[in-house]
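Peer 1: Below is one structure. I have some questions about it.
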Amino acid sequence: MAPREAKPFTRVSEPLELRIKDVDLAGARLTIRSAKGNKDRIVPLPQCVAGELEVQLRVARAVLKSDAVAKVPVALPTMLAAKYPKAAFQEQWAWLFPAQAPSTHPRTGERIRWRLHEVSIQRAVRAAAAKAGIAVRVTPHVLRHSYATHAHASGAPPRDLQEVLGHGKLETTMRYLKPAFGIVSPLDAMGDYEKSQPMRGVDAAAG
């Protein structure tokens, strides 16, 4: 299952890295951890997907419970796993979007539960675009740009968008903001002016 809850303002891997502890339904926010630049940030949770996210939390908990019985641990950062081995079976560390089946750890050979792969999101986005009849190429990154453009057009300040998008520099955010084309072309303005002027031939005939 590719999550619709994967936010268009996040990088494609960021929502897939979410664990149950990173979801704050009451505060309507998500904590993106160790993103680009190894920085954490907090992003808003759209209320329109809150219900679906609650369902996904139940799915994540059910997978964790099943894995605990089968003794399949959740994949954890190496140092954390070594220091707190029991954390691999604790709810807070469970993936919000777990993979459909356990996999083999490439280094240890241990059976573990990993998260969904980025390809799942990319395929889901392509399928949704095709279903909607969108002819242009649509990718998760295109949606990220679209989010920035529409949010800015709705009044979101560039500095706020920089924070939400996780950009280190404002210049990067500004490259995401496509022009809204709210400016009237001087050629169109010139045409309106000429239309407002009386025709010279008509003026001469009337004189």
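Peer 1: Give L96, L57, L64 a once-over and let me know the one that is at pLDDT 95 or above, surrounded by fewer than 18 Cβ atoms within 10 Å (Cβ to Cβ), in contact with a strand residue (DSSP E or B) (Cβ under 8 Å, 6 or more places away or on another chain) and among the aliphatic types (A, V, I, L, M).
Peer 2: L57
Peer 1: Right, something else. Within the range 153-186, track down each residue that is assigned to a helix (DSSP H, G or I), at pLDDT below 85 and more than 19 Å from K39 (Cβ to Cβ).
Peer 2: Those that are assigned to a helix (DSSP H, G or I), at pLDDT below 85 and more than 19 Å from K39 (Cβ to Cβ): A153, R175, P186.
Peer 1: Return a yes/no flag: does the range 11-19 have any residue that is buried (at least 18 other Cβ atoms within 10 Å of the Cβ), touching a residue at least 40 places away in the same chain (Cβ under 8 Å) and polar (S, T, N, Q).
Peer 2: Looking for residues that are buried (at least 18 other Cβ atoms within 10 Å of the Cβ), touching a residue at least 40 places away in the same chain (Cβ under 8 Å) and polar (S, T, N, Q), one finds none in the range 11-19, hence no.
Peer 1: Continuing with this model, one more query. With the requirement that a residue be assigned to a loop (DSSP other than H, G, I, E, B) and either surrounded by 14 or more Cβ atoms within 10 Å (Cβ to Cβ) or among the charged types (D, E, K, R) (or both), what does the range 26-39 give you?
Peer 2: R33, A35, K36, K39
Here is a yes/no grid of residues against (1) in contact with a helix residue (DSSP H, G or I) (Cβ under 9 Å, 6 or more places away or on another chain); (2) closer than 23 Å to E163 by Cα:
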| site | (1), (2) |
| --- | --- |
| K21 | yes, yes |
| A26 | no, yes |
| V43 | yes, yes |
| A50 | no, yes |
| A101 | no, no |
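Peer 1: Considering only the range 121-147, state which residues are within 10 Å of the chain's Cα centre (by Cα) and in a loop (DSSP other than H, G, I, E, B).
Peer 2: None; the set is empty.
Peer 1: Still on this model: Is there a residue in the range 135-145 that is modelled with pLDDT of 90 or more, out of contact with any strand residue (DSSP E or B) (no Cβ under 6 Å at 6 or more places or on another chain) and closer than 22 Å to L53 by Cβ?
Peer 2: So far as the range 135-145 goes, no, none of its residues is modelled with pLDDT of 90 or more, out of contact with any strand residue (DSSP E or B) (no Cβ under 6 Å at 6 or more places or on another chain) and closer than 22 Å to L53 by Cβ.
Peer 1: List the pairs whose first member sits in the range 109-123 and is in contact (Cβ under 8 Å) with a residue 60 or more places away in the chain, whose second member is surrounded by fewer than 15 Cβ atoms within 10 Å (Cβ to Cβ), and whose Cβ atoms are under 7 Å apart, counting only residues at least 6 apart or on separate chains?
Peer 2: Q122/T139
The values are calculated or read from the model by the stated rules, or taken from the named source; none is laboratory data. Note that the structure is predicted; figures quoted are calculated from it, not measured. Note that each Cβ is placed from the backbone with ideal geometry, even for glycine, and that neighbours are counted across all protein chains shown.
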